[in-house]
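Notes follow the structure.
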Amino acid sequence: MGPATVHYEPSDPAQARLSRYGDSPMQLSKFALIVAVIAGFLSTRKRPEATARPARSGRTGVLRGRQGRVPRILVLLLILGWLATTVAVVIQGERRSSLDDLQAAIDRGEVTHVWERGALMSGSRDPSPVRLAWRSGGLRHFATATQYRGRNQERRAPEGAPDVIIGDLAEQLTRAGADVRVEPDLRTTAPHAFTFTPWGWHVFGWPVYVALALLLLTLRVLVVAECTRGASRWGWCWLITAAPIPFSLAYLALGEPAGWGPATRREARKLGGVCAFLVATALVAVQQALA
């Protein structure tokens, strides 16, 4: 890699950035997402002139998903959006691992480059949390550990405890003779409020904003749809809140928000709100355990 070009703000020389355009692309992307969400809400507004139209089978007309209230193109776009977000989470996100997993991957020769954030310099007095990131098996991984450095701190370090670094980080990772480069992690990440770790995957950056926009539109479709299939409205709401990606896809594909199939009888058995709340609570508990 060649030397980096640093761009300075003319009005404030202390402000520097590595990109000529600064934060403009991300700001434009956020604005585009806001416009898309507003357009999605407007496309589902109530139309007084919407009337029931007869089905192709010749049966009496059935108001499927409030014709004109939930456009089928919107449902298709939401499904494609959630699928694209899933791919982005797998490609750009980082899978939670441990220091032992990193050491094992290094010993197998699968990892030759590790990025660290928070590693202590020599002579440090207090232990510090260290975040490690690496790539293995085509996926990104991350782990958090506690580093003890300095003569007094190394004596107090718990022996045999997991995710503990005693002394220099690079020396501990390369003690088996592996050739590993340890460099500081200089990537800029999204604010903590827009960073989350669902099911052991650390997600940050633009996929978080896209997922938030898709979630708002999916909940909007859930609210305005005439009826639901498989679960009640509150049932789908609890499930989508607990695990947005899988249950949003399940609702959009199977919940009949736009009336893909024949009308659902109101007396058909559905997963109620209370049962769905219990399922969602269990899913959240499992997610917190993995995170």
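Could you tell me which residue of segment 35-47 is farthest from Val224 (Cα to Cα), considering only residues that are without any contact (Cβ under 8 Å) to a residue 60 or more places away in the chain and either surrounded by 12 or more Cβ atoms within 10 Å (Cβ to Cβ) or under 26 Å from the mean Cα position of the chain (by Cα) (or both)?
The residue in question is Val35.
Does Arg108 satisfy the condition of being basic (Lys, Arg) and either touching a Phe, Trp or Tyr at 6+ places or on another chain (Cβ under 7 Å) or under 22 Å from Thr146 (Cα atoms) (or both)? Give the steps one after another, and end with the answer.
Working: basic (Lys, Arg): yes; either touching a Phe, Trp or Tyr at 6+ places or on another chain (Cβ under 7 Å) or under 22 Å from Thr146 (Cα atoms) (or both): no.
For Arg108, the condition - basic (Lys, Arg) and either touching a Phe, Trp or Tyr at 6+ places or on another chain (Cβ under 7 Å) or under 22 Å from Thr146 (Cα atoms) (or both) - is not met.
What number goes with the only condition from (1) of a type in the set (Gly, Ala, Ser); (2) at pLDDT 85 or above; (3) more than 17 Å from Val87 (Cα to Cα) that Ala190 does not pass?
Looking at each condition in turn, Ala190 falls short on (2).
Are any of the residues in segment 133-140 within 30 Å of Ala258 (Cβ to Cβ), at pLDDT below 90 and part of a loop (DSSP other than H, G, I, E, B)? Give the derivation first.
Initial filter on segment 133-140 (within 30 Å of Ala258 (Cβ to Cβ)): none.
Within segment 133-140 (the criterion being within 30 Å of Ala258 (Cβ to Cβ), at pLDDT below 90 and part of a loop (DSSP other than H, G, I, E, B)), the answer is no, since none of the residues qualifies.
Could you please let me know if Val89 is among the β-branched types (Val, Ile, Thr), touching a helix residue (DSSP H, G or I) at 6+ places or on another chain (Cβ under 9 Å) and modelled with pLDDT under 85? Can you show your working first?
Numbers: among the β-branched types (Val, Ile, Thr): yes; touching a helix residue (DSSP H, G or I) at 6+ places or on another chain (Cβ under 9 Å): yes; modelled with pLDDT under 85: no.
Taking the combined requirement at face value, the residue does not satisfy it.
Mind listing just one residue for me: the one in segment 220-233 that is surrounded by fewer than 17 Cβ atoms within 10 Å (Cβ to Cβ) and out of contact with any Ser or Thr (no Cβ under 6 Å at 6 or more places or on another chain) and, of those, farthest from Ile79 (Cα to Cα)? Don't jump to the end; show me each part of the working.
Filtering segment 220-233 down to residues surrounded by fewer than 17 Cβ atoms within 10 Å (Cβ to Cβ) leaves 223-224, 233.
Next cut, out of contact with any Ser or Thr (no Cβ under 6 Å at 6 or more places or on another chain) only: 223, 233.
Details: Val223: 17, Arg233: 19 Å.
Taking the candidates together, the pick is Arg233.
Could you count how many residues in segment 214-238 are among the basic types (Lys, Arg) and either part of a helix (DSSP H, G or I) or modelled with pLDDT of 90 or more (or both)? Quick ask: steps written out before the conclusion?
Just the residues of segment 214-238 that are among the basic types (Lys, Arg), to begin with: 220, 229, 233.
With the extra rule that they be either part of a helix (DSSP H, G or I) or modelled with pLDDT of 90 or more (or both), the set shrinks to 220, 233.
Total satisfying the criteria: 2.
The values are calculated or read from the model by the stated rules, or taken from the named source; none is laboratory data. Being a predicted model, the structure only gives us computed values, none of them experimental. Reconstructed Cβ throughout: ideal geometry from the backbone, glycine too, with neighbour counts over all protein chains shown.
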